[in-house]
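Report on the structure given below.
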Amino acid sequence: MKQIYMDCGATTPVDPLVVEAMLPYFTEKFGNASSLHSFGREAKQALESSRTAVAEFIGAKPEEIIFTGGGTESDNLAIKGTAYGHRNHGRHIITSAIEHHAVLYTCEHLEKLGFEVTYIPVDKYGMVNPDDVRSAIREDTVLITIMHANNEIGTIEPVNEIGRIAKDRGIYFHTDAVQSAGKIPVNVDDLCVDLLSISAHKIYGPKGVGALYVRGGTDIESLVDGGGHERTLRSGTENIPAIVGFAKACELAHQNMKSDAAHLKNLQDKIINGILKIEGCYLNGHPTKRLPNNIHVCFNDIDGDLLLLELDCCGIAVSTGSACSSGSLEPSHVLLATGLKPEGARGSLRITLGRDNTHEDVEYLLEKLPPIIESLRKTHSLPE
Ligand SMILES: *Cc1c(COP(=O)(O)O)cnc(C)c1O
């Protein structure tokens, strides 16, 4: 059977060039980057040239890149690291209602420790209004964290405007750029951020590695103590093969972004136009300010999980929301924040394309989807 992967928001396949770059670091180049002998120096050199490649990808300086175990860890380090480091100065944090759980649950954890968090609401497109952020600022605000692009509905937030507000008030600003990196320009100066999270496995790199950008002069506390690696912010022997693969993925993303984005946008338009012809279907997220690979729709009178399984039977891999929240029966916090009712949020479908998807894939999806919707509507009437 045909196998079509359209769930790149959950993870991407590892690019063969990335695998090739990583392999020697599992075998002959296995040194510990802290060792002084030639094996160690070879690893150290790979570590530092990788740091340069990742820095270039986001317009940063190499010394501003802290390698981590992925996007979740980067978010935790940015938020808890700032909160713990500045708790004598203030205990208020501003975030949005539609953040990834790596940010939301970190904020909720801090609330239990006595911090106060303001969750900025969003409009029906999932957009944060920078004026709302400005009004939420207090004397004791130590951090603003607003994502660059949403992982479920693909909406791109006005990060630069929020960053300028934060900068004016001398408040640290973090953005989770895990979904936007590689799809739209991510530059730490253009975005006006002090802290920024990225993850390798969302950009055709390996899982379990990411980075936190920490602007020079930004003072955060470490969450992992030990040998003092990564400027003491993240102790632990560096995962050199993963870091080398991450760097290669960043280089490829940098080179391919323009052509990838144009290709994805073409496929996205085709899918949106095709899907919206189905009765009782509407698009979630912003009509134009959205990631070029994201299509998120709701179907009336459909159970999203059943739809996902039917598509899977045709070899098409998609998601009902974010990978992390599916499997739970809770409606998505993102859809609820955009004003959808729990019943409406139930029939949701997220398609996140990747650079390997073709027009043929899209035609196959658009051929399979309408009859599935029709038969699901006939056979399963939802409980009231
Ligand atoms: C995937 C994702 C994360 C988590 O990254 P991991 O590397 O899987 O830990 C965080 N934020 C967003 C927006 C994501 O899409």
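For region 194-205, the criterion of being within 12 Å of the ligand (Cβ to nearest atom) and of a type in the set (D, E, K, R) is satisfied by at least one residue.
Could you say which residue among Val244, Val224 is over 19 Å from the mean Cα position of the chain (by Cα), touching a residue at least 12 places away in the same chain (Cβ under 8 Å) and part of a helix (DSSP H, G or I)?
Val244
When you scan region 168-189, do you find a residue that is surrounded by 17 or more Cβ atoms within 10 Å (Cβ to Cβ), at pLDDT 95 or above, in a helix (DSSP H, G or I) and not assigned by TED's automatic domain parsing to the domain that holds Thr338, even just one? Checking region 168-189: not a single residue is surrounded by 17 or more Cβ atoms within 10 Å (Cβ to Cβ), at pLDDT 95 or above, in a helix (DSSP H, G or I) and not assigned by TED's automatic domain parsing to the domain that holds Thr338. Is it the case that region 112-124 has a residue that's in a loop (DSSP other than H, G, I, E, B) and either among the hydroxyl-bearing types (Ser, Thr, Tyr) or under 19 Å from Val193 (Cα atoms) (or both)? Among the residues of region 112-124, not one is in a loop (DSSP other than H, G, I, E, B) and either among the hydroxyl-bearing types (Ser, Thr, Tyr) or under 19 Å from Val193 (Cα atoms) (or both), which makes the answer no. The sole residue among Gly228, Gly245 that is of a type in the set (Gly, Ala, Ser) and surrounded by fewer than 20 Cβ atoms within 10 Å (Cβ to Cβ) is Gly228.
Taken together, the residues in region 82-110 that are open to solvent by less than 10 Å² (accessible area, probe 1.4 Å) and away from the ligand (no atom under 16 Å from the Cβ) amount to 7. Is it true that some residue in region 112-128 is in the same structural domain as Arg234 (by TED's automatic domain parsing) and closer than 17 Å to Ile220 by Cβ? Checking region 112-128: at least one residue is in the same structural domain as Arg234 (by TED's automatic domain parsing) and closer than 17 Å to Ile220 by Cβ. In region 101-112, the residues that are touching a residue at least 12 places away in the same chain (Cβ under 8 Å) reach residues that are open to solvent by 70 Å² or more (accessible area, probe 1.4 Å) with C-beta atoms within less than 6 angstrom, at least six apart or across chains, in these pairs: His101/Cys324; Ala102/Thr72. The set of residues from region 130-144 being under 20 Å from the mean Cα position of the chain (by Cα) and under 16 Å from Ile98 (Cα atoms) comprises just one member, Ile144. Here Leu113 clears all of (1) under 21 Å from Lys167 (Cα atoms); (2) more than 16 Å from the ligand (Cβ to nearest atom) except the condition numbered (1).
Of note, Glu56 does not satisfy the criterion of being closer than 20 Å to Gly227 by Cα and of a type in the set (D, E, K, R).
Taking region 172-190 as the range and being among the aliphatic types (A, V, I, L, M), in contact with a strand residue (DSSP E or B) (Cβ under 6 Å, 6 or more places away or on another chain) and away from the ligand (no atom under 12 Å from the Cβ) as the test, only Val188 passes.
Being among the acidic types (Asp, Glu) and within 16 Å of the ligand (Cβ to nearest atom) is a property that holds for Glu73.
Does Val193 satisfy the criteria of being assigned by TED's automatic domain parsing to the domain that holds Val133 and buried (at least 22 other Cβ atoms within 10 Å of the Cβ)?
Working: assigned by TED's automatic domain parsing to the domain that holds Val133: yes; buried (at least 22 other Cβ atoms within 10 Å of the Cβ): yes.
The answer is yes for Val193.
With respect to the conditions (1) within 16 Å of the ligand (Cβ to nearest atom); (2) free of Cβ contacts under 8 Å to residues at least 60 places away in the same chain, Cys313 falls short on a single one, namely (1).
This table checks each residue for (1) among the polar types (S, T, N, Q); (2) not assigned by TED's automatic domain parsing to the domain that holds Arg346.
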site	(1), (2)
Ile240	no, yes
Ile243	no, yes
Phe246	no, yes
Gln268	yes, no
Asn273	yes, no
Leu276	no, no
Cys281	no, no
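The helices (runs of 4 or more DSSP H) falling completely within region 1-92 that include 2 or more residues that are among the polar types (S, T, N, Q) and within 24 Å of Gly154 (Cα to Cα) map to 71-85. Of the listed requirements (1) among the hydrophobic types (A, V, I, L, M, F, W, C); (2) open to solvent by 10 Å² or more (accessible area, probe 1.4 Å); (3) within 16 Å of the ligand (Cβ to nearest atom), Ile66 misses just one: (2).
The values are calculated or read from the model by the stated rules, or taken from the named source; none is laboratory data. This is a predicted model, so every value here is computed, not measured. For neighbour counting, all protein chains shown are included, and Cβ atoms are generated from backbone atoms with ideal geometry for every residue, glycine included. Only protein heavy atoms, including side chains, enter the accessible area calculation; ligands, DNA and RNA are left aside. Shrake-Rupley method; radii C 1.70, N 1.55, O 1.52, S 1.80 Å.
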